[in-house]
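J.: Following this message is one structure expressed as structure tokens.
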Amino acid sequence: MSVLKCIVLLNWAAMAYAVNYNEASIREVTDNVMVHGEGPFWDLENNVLYFVDISEHRVYRFYQNRLEHVKFDEDVSFVIPVAGQQGLFVIGLGTTLSSLRWNLNENTHKVTGLVTVDHNKPGNRWNDAKADNNGYLWAGTMGFEDAAGNIPPNRGTLYKLNDTGCFQNLDPILPGVSVSNGLAWNENGTRMYYIDSPTKQIVLFDYDPSTASISNRRTFYDFKTDNIPGVPDGMTIDANDNLWIANYDGAQVLHVSGSSAKLLGKLKIMAEKVSSVTFGGPKLDKLYVTTISRGVTPEKFNEYPMSGKVLEVSGLGVVGKPNRRIRGKCFRLL
Ligand SMILES: *[C@@H]1O[C@H](CO)[C@@H](O)[C@H](O)[C@H]1NC(C)=O
Ligand SMILES: *[C@@H]1O[C@H](CO)[C@@H](O)[C@H](O)[C@H]1NC(C)=O
């Protein structure tokens, strides 16, 4: 058999395992076009979808078919509720961790700065963040992204909010990352998955649930293995402990096995810059997907008409886990 034929056959074998979710139905949550949609969070208690538009400086909520937002005067990169306190969130504003009080059915809001990071790195900003199984907030930064999308490497850090010191200082867990992105923990809380986008890899750490600490970093899934274009961005984990990874510049969401690290499936998205995913809906059986329209030319818009839309995917036959809230200890006086 020729080498070429062999490669074709191997590719075919790999494709045969990865399902294309052509049956899934995808609808636009709203008509609004986001410049840089990111950070979807499903609030299962109140059936609200929260997300941000980073470069438009907006935190959105989609609730009872109404889209509402709060506008800030700098980049806002994530919005995560605090446990035990209705209407209290932690947001990433520039490089400041802030609290946002924004009750449902109220239009007013209040913002309080808590702690600022990366003082010696002008132009940095917060990027993706999530609360782990114990409710500890993990939040990462990245260097300044210019209009062409270039980002200087190794300027970011992944931090953890430790409720011993609270806002005195955040624990720098992984310094020297470039674009801190997707975070996920498995159900029994022994593993943490992490993405630094330009590496094109999902890495795996052992996670110690008793100390909320990580160790033993290794590569879990590499985009090069399956010739995946673009980079991994946001990520979530389903009830079977399998990963769903937003593929920025790849116009798809990848489904990767948490046990074998094999590519299980691909969900095509009519937006090239897919930024993040989370499960939601009252039964957690919908996948919410954020996308980006910044830098998309009119020709690309014809090819990818959902660029900038927030999407709801039904019919995947998979359910997710509830998004975790941030533990309340540091927030009692806010
Ligand atoms: C928080 O910080 C203290 C003091 O630095 C440390 O002893 C403790 O293990 C940390 N807790 C977590 C959950 O990281
Ligand atoms: C936790 O789950 C992982 C798979 O996600 C499995 O490999 C591991 O054995 C489990 N550990 C415990 C202590 O149940």
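Readers should treat all values here as calculations from the given coordinates under stated rules, not as data from a laboratory. Treat the numbers as computed from the prediction; the structure is a model and nothing was measured. Using ideal geometry, Cβ is built from the backbone for each residue, glycine included, and neighbour counts are taken over all protein chains shown.
J.: From the mean inverse distance of alpha carbon pairs (Kirkwood) and the Cα radius of gyration, derive Rg over Rh for the stretch 196-334.
T.: That ratio equals 1.01.
J.: Averaging sequence separations of C-alpha pairs under 8 Å and six or more residues apart, then dividing by the length of the stretch 25-314, give the relative contact order as a whole percent.
T.: Values: 782 pairs, mean separation 44.1, N = 290.
Once normalised by length, the contact order is 15 percent.
J.: Moving on to the next point. Calculate one ³J(HN,Hα) per residue across the stretch 222-239 by plugging θ = phi - 60° into the Karplus curve 6.51 cos²θ - 1.76 cosθ + 1.60, and present them in order as whole Hz with x for glycine and proline.
T.: Listing the rounded values in order: 10, 4, 5, 4, 10, 6, 7, x, x, 9, x, 10, x, 8, 9, 10, 9, 5 Hz.
J.: Give me the orientation-averaged projected area of the Cα convex hull of the stretch 65-192, in nm², one decimal.
T.: Projected area, direction-averaged: 9.6 nm².
J.: State the percent of C-alpha pairs, over all pairs in the chain, separated by a distance greater than 30 angstrom.
T.: Values: 16648 of 55611 pairs.
Percentage above 30 Å: 30.
J.: Continuing with this model, one more query. Using the per-residue mean of other Cβ atoms lying within 10 Å as a proxy for protection, in what order, highest first, do the peptides 95-103, 48-56, 115-123 fall?
T.: By packing density, highest mean first, the sequence is 48-56, 95-103, 115-123.
J.: Collect residues whose amide H, placed 1.01 Å from N in the peptide plane, falls under 5 Å from the amide H of GLN252; neighbours closer than 5 in sequence don't count.
T.: ASN247, ILE269, VAL274
J.: Could you give me the ³J(HN,Hα) list for the stretch 267-278, computed from phi with Karplus coefficients 6.51, -1.76, 1.60 and θ = phi - 60°, whole Hz, x at Gly and Pro?
T.: Once rounded to whole Hz, the list reads 10, 6, 10, 7, 9, 6, 9, 8, 9, 6, 9, 7.
J.: Let me ask another. So what is the 222 nm mean residue ellipticity for the chain from helices alone, if each DSSP H run of at least 4 adds -39500 (n - 2.57) and you divide by all residues, rounding to the nearest 500 deg cm²/dmol?
T.: Values: 2 runs with 21 residues, N = 334.
Estimated from H runs of four or more residues: -2000 deg cm²/dmol.
J.: Right, next: Tabulate in residue order the Karplus-calculated ³J(HN,Hα) for the stretch 94-102, using 6.51 cos²θ - 1.76 cosθ + 1.60 with θ = phi - 60°, rounded to whole Hz; enter x for Gly and Pro.
T.: Taking θ as phi minus 60°, the curve returns x, 10, 9, 8, 10, 9, 10, 9, 8 Hz for the stretch 94-102.
J.: Over the stretch 181-225, what lengths in whole Å, largest first, do the semi-axes of the equivalent ellipsoid take, defined as the square roots of 5 times the eigenvalues of the alpha-carbon gyration tensor?
T.: Working: eigenvalues 83, 16, 16 Å².
Equivalent ellipsoid of the stretch 181-225: 20, 9, 9 Å, largest first.
J.: Order the peptides 65-77, 136-148 from the highest to the lowest mean number of other Cβ atoms within 10 Å of their residues.
T.: Highest-to-lowest ranking by the protection proxy: 136-148, 65-77.
J.: Net charge around ASP31, counting only other residues with Cβ within less than 15 Å of its Cβ (Lys, Arg = +1; Asp, Glu = -1)?
T.: Details: positive: ARG27, ARG66, LYS309; negative: GLU28, ASP53, GLU68, GLU312.
Taking every other residue near ASP31 into account, the sum is -1.
J.: Once you order the gyration tensor axes a ≥ b ≥ c over the Cα atoms, which shape class does the stretch 264-313 get: rounded for a/c under 1.5, otherwise prolate or oblate by comparing a/b with b/c?
T.: Numbers: a/c = 2.81, a/b = 2.09, b/c = 1.34.
In terms of gyration-tensor shape, prolate.
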